[in-house]
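The values are calculated or read from the model by the stated rules, or taken from the named source; none is laboratory data. All values reported here derive from a predicted model rather than from experimental measurement. Note that each Cβ is placed from the backbone with ideal geometry, even for glycine, and that neighbours are counted across all protein chains shown. SASA here: full protein model, heavy atoms, side chains in, ligands and nucleic acids out. Shrake-Rupley method; radii C 1.70, N 1.55, O 1.52, S 1.80 Å.
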Amino acid sequence: MPTTAHGLDELKALTGADLGRTGWLDITQQRVNTFADATGDHQWIHTDPEKAKDGPFGRPIAHGYLTLSLIIPLFGELLEITGTTMSVNYGLEKVRFPSPVPVGARIRLHGAVGTVEEVKGNGVQMPLTFTVEVEGTGKPACVAEAVYRHYA
């Protein structure tokens, strides 16, 4: 069950909050191939399971940007925002991919809120640190510092 914030005051009250972790999401070859088709990135390490067996990871891995893009649907499991008129992805401060996500692995998202501050236009800016974890490993697949703006 996600945390719910209704309006800007409740968003500001989330400063420093640990939003917890999502459920697990399966990373399938079909998901990787669909992402490759959407982006035109068909590098063999992602899309050719036979060739990838002899590669550095012993099997195909998800694109780093696929892993990053999955933050969006997973984030909905952590936080539900109501009582605002608009929310925008303002950008990313820093993104790292410390370890690969092998096809067949499961990932989940951990989220933490930074300092929520007011911005011009009757809004708030909310920085979040997202960590994409791979089941059974101790090293994250992705750590991203994202910035969102929400307006009343």
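Worth a mention:
- Cα gyration tensor, segment 1-76 - rounded (a/c under 1.5), prolate or oblate: prolate
- Surrounding net charge for Cys142, when Lys and Arg each add one and Asp and Glu each subtract one, Cβ distance under 12 Å: +2
- HN-Hα J in Hz across segment 45-52 - Karplus 6.51, -1.76, 1.60, θ = phi - 60°, x for Gly and Pro: 5, 9, 10, 10, x, 5, 5, 5
- Amide H contacts of Val119: Val124, Gln125, each under 5 Å away and 5 or more positions distant or on a separate chain (H built 1.01 Å from N in the peptide plane; Pro and chain starts excluded).
- Peptide packing: for 17-26, 90-99, 126-135, the average count of neighbouring Cβ atoms within 10 Å per residue gives the ranking 126-135, 17-26, 90-99, highest mean first.
- Surface accessible to a 1.4 Å probe, per residue, for the residues of segment 1-69, Å²: 60 Å²
- Distances between placed amide hydrogens fall under 5 Å for Gly114 paired with Gly16, Leu128, Thr129, all partners being 5 or more residues away or on another chain.
- From the coordinates shown, volume of the Cα convex hull per residue in Å³ corresponds to which of [x] 113; [y] 103; [z] 186: [x]
- With K and R counted +1 and D and E -1, the other residues having a Cβ less than 13 Å from that of Leu14 yield a net charge of -4.
- One chain, two ends: Ser87 and Ser99. Fully extended at 0.36 nm per residue, the span grows by 1.3 nm beyond their Cα-Cα distance.
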